[in-house]
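> Sharing a structure, written as structure tokens. Questions coming.
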Amino acid sequence: MDVLEDLYLRLATFLFEGAVQPAMYRLGLMAWAEEAFDWVDFFLFGVLQVLVVYLVCRPLEAWRPVERGQSGPAVRTDVIYTLLARLGLLPLLGFVLFAAIQVRLEGLLADSGWIPPTIEDLWPGLRDAPLLAMAIYIVVLDFFEYWRHRFQHEFRWWWALHSLHHAQEHMTFWTDDRNHVLDDVLAAAWLAGLAVLIGVPPGQFPIILMVLRLAESLSHANARIHFGRIGERLIVSPRFHRLHHGLLSVGASGKNYAVLLPVWDWVFGTADFRRDIFPRTGDPGAPEAYIRGGWLRQQIAGVTRLSRVLRGREKALPGIPGSTSRHEP
């Protein structure tokens with residue numbers, strides 16, 4: 001890990017000193033040099049994520065697609081979401097948010113006199129087994145990610161935002177990042193806050209994030225793939241998660257919420273392990289802007305829909321019997 005971290009830092013430093021820093025110097029922006037280096041760091045990490053996800057998922061979609069002839073505009077919108085989420089200013093804003101959360105949380109814990117135990121404190125032998133410790137951290141964070149996902153469906157105000165993700169009728173691995181900005185901020189704060197609380201080492205957090213995001217992208221792939229009777233119960237497959245996005249599985253009646261490990265759905269009674277079902281995806285209760293709009297239009301529609309729910313003008317969860325009909329916000 002130290003070798004990989006050193007190589008990554010060298011590359012980020014090379015890009016910053018060779019391209020970004022000279023441009024900032026000419027523009028008189030050197031006061032923002034530290035923030036700019038953080039952006040280069042996140043940009044490089046985002047490029048690595050996109051590259052890994054594409055190399056894994058695109059061949060699978062070409063090999064065994066569920067849908068052929070998908071809507072080009074709809075898929076291109078999801079590509080824009082991915083590039084903005086992983087390469088643009090959003091990661092830098094996320095970094096500032098995470099730093100603020102970490103400083104504030106650590107300050108509150110220090111003032112209270114309580115230091116949360118890390119996994120290594122509870123199991124000292126893990127200090128000599130960093131890969132095993134990281135695997136345990138992944139399991140713990142995945143458990144809480146399962147519950148965050150369920151809350152996105154069960155709380156009406158949160159579903160107003162998350163339903164943008166479910167409105168995609170032509171799902172691909174790009175769809176993983178199709179989220180409202182406010183929803184992304186909530187999800188990022190949730191994961192970062194929990195990582196601080198349970199003591200995830202800073203050097204391991206990017207790797208954990210990479211594992212979770214690769215799993216999510218793979219699970220959204222337009223690929224007619226399942227992992228067999230045993231494998232379906234070990235790792236979330238494209239089939240397992242596609243049923244979650246099916247027309248009969250939106251809103252509070254959803255199934256298969258797990259991000260990486262289906263065991264949480266099995267334990268809490270929300271699992272569907274049938275391997276022969278690859279349903280249509282989408283949300284029949286979604287606003288038209290969520291389905292056919294571009295990035296900006298969908299972001300505006302999300303704020304409008306959230307406002308309607310908070311003001312009591314949209315009371316029922318969409319996509320289930322008795323819910324409100326589709327409308328243009």
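> Kindly indicate whether any position in the range 216-238 is modelled with pLDDT under 85 and either touching a Gly at 6+ places or on another chain (Cβ under 8 Å) or of a type outside the set (S, T, Y) (or both).
Going through the range 216-238, the residues modelled with pLDDT under 85 turn out to be none.
Within the range 216-238 (the criterion being modelled with pLDDT under 85 and either touching a Gly at 6+ places or on another chain (Cβ under 8 Å) or of a type outside the set (S, T, Y) (or both)), the answer is no, since none of the residues qualifies.
> Can you tell me which residue within the range 22-53, out of those that are modelled with pLDDT of 90 or more and touching a helix residue (DSSP H, G or I) at 6+ places or on another chain (Cβ under 8 Å), is farthest from E169 (Cα to Cα)? Steps first, answer last, please.
Step one: of the range 22-53, the residues modelled with pLDDT of 90 or more are 50-53.
Subset that is touching a helix residue (DSSP H, G or I) at 6+ places or on another chain (Cβ under 8 Å): 50, 52-53.
On the way: V50: 22, V52: 25, V53: 21 Å.
Restricting to residues being modelled with pLDDT of 90 or more and touching a helix residue (DSSP H, G or I) at 6+ places or on another chain (Cβ under 8 Å), the top hit is V52.
> Out of the range 1-37, which residues are in contact with a Gly (Cβ under 9 Å, 6 or more places away or on another chain) and loosely packed, with under 12 Cβ neighbours inside 10 Å?
Across the range 1-37, the qualifying residue is only D2.
> Can you name the residue in the range 233-243 that is closer than 14 Å to C57 by Cα and assigned to a helix (DSSP H, G or I) and, of all such residues, is nearest to the chain's Cα centre (by Cα)?
P238
> Select from the range 252-291 the residues that are under 29 Å from V309 (Cα atoms), part of a loop (DSSP other than H, G, I, E, B) and among the β-branched types (V, I, T) and write down the one among them that is modelled with the highest pLDDT.
It comes out as V259.
> For V309, work out the one condition from (1) under 28 Å from V66 (Cα atoms); (2) buried (at least 16 other Cβ atoms within 10 Å of the Cβ) it doesn't fulfil.
If we test V309 against (1) under 28 Å from V66 (Cα atoms); (2) buried (at least 16 other Cβ atoms within 10 Å of the Cβ), just (1) comes out false.
> Select from the range 39-85 the residues that are closer than 22 Å to R280 by Cβ, of a type outside the set (S, T, Y) and within 15 Å of the chain's Cα centre (by Cα) and list them in ascending order.
Residues satisfying the conditions are D78, V79.
> Taking the stated definitions as given, is L182 touching a Leu at 6+ places or on another chain (Cβ under 6 Å) and either of a type in the set (S, T, N, Q) or in contact (Cβ under 8 Å) with a residue 40 or more places away in the chain (or both)?
When the stated conditions are applied, L182 passes them.
> Given the options L141, L197, L214, name the one that is out of contact with any Phe, Trp or Tyr (no Cβ under 9 Å at 6 or more places or on another chain), touching a residue at least 12 places away in the same chain (Cβ under 8 Å), surrounded by fewer than 17 Cβ atoms within 10 Å (Cβ to Cβ) and of a type in the set (A, V, I, L, M, F, W, C). Steps first, please.
Values: L141 fails: surrounded by fewer than 17 Cβ atoms within 10 Å (Cβ to Cβ); L214 fails: surrounded by fewer than 17 Cβ atoms within 10 Å (Cβ to Cβ).
Checking each option against the conditions leaves just L197.
> Inspect all residues belonging to the range 295-305 and state whether any of them is within 24 Å of L186 (Cα to Cα), modelled with pLDDT of 90 or more and assigned to a loop (DSSP other than H, G, I, E, B).
No, the range 295-305 contains no residue that is within 24 Å of L186 (Cα to Cα), modelled with pLDDT of 90 or more and assigned to a loop (DSSP other than H, G, I, E, B).
> Considering only the range 1-93, give the helices (runs of 4 or more DSSP H) lying wholly within it that have at least 1 residues that are touching an Asp or Glu at 6+ places or on another chain (Cβ under 9 Å).
2-15, 33-63, 72-87
Here is a yes/no grid of residues against (1) farther than 19 Å from G46 by Cβ; (2) outside any loop (DSSP other than H, G, I, E, B); (3) modelled with pLDDT of 90 or more:
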residue: E106; (1), (2), (3): yes, yes, no
residue: L131; (1), (2), (3): yes, yes, no
residue: M134; (1), (2), (3): yes, yes, yes
residue: L141; (1), (2), (3): yes, yes, yes
residue: W147; (1), (2), (3): yes, yes, yes
residue: F151; (1), (2), (3): yes, yes, yes
residue: N179; (1), (2), (3): no, no, yes
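> Let me ask something additional. If a residue has to be of a type in the set (D, E, K, R) and either buried (at least 17 other Cβ atoms within 10 Å of the Cβ) or part of a loop (DSSP other than H, G, I, E, B) (or both) to count, how many in the range 217-232 make the cut?
Of the residues in the range 217-232, 2 are of a type in the set (D, E, K, R) and either buried (at least 17 other Cβ atoms within 10 Å of the Cβ) or part of a loop (DSSP other than H, G, I, E, B) (or both).
The values are calculated or read from the model by the stated rules, or taken from the named source; none is laboratory data. Quantities reported herein were computed from a predicted structural model and do not represent experimental measurements. Note that we place each Cβ from the backbone using ideal geometry, even for glycine, and neighbour counts take in every protein chain shown.
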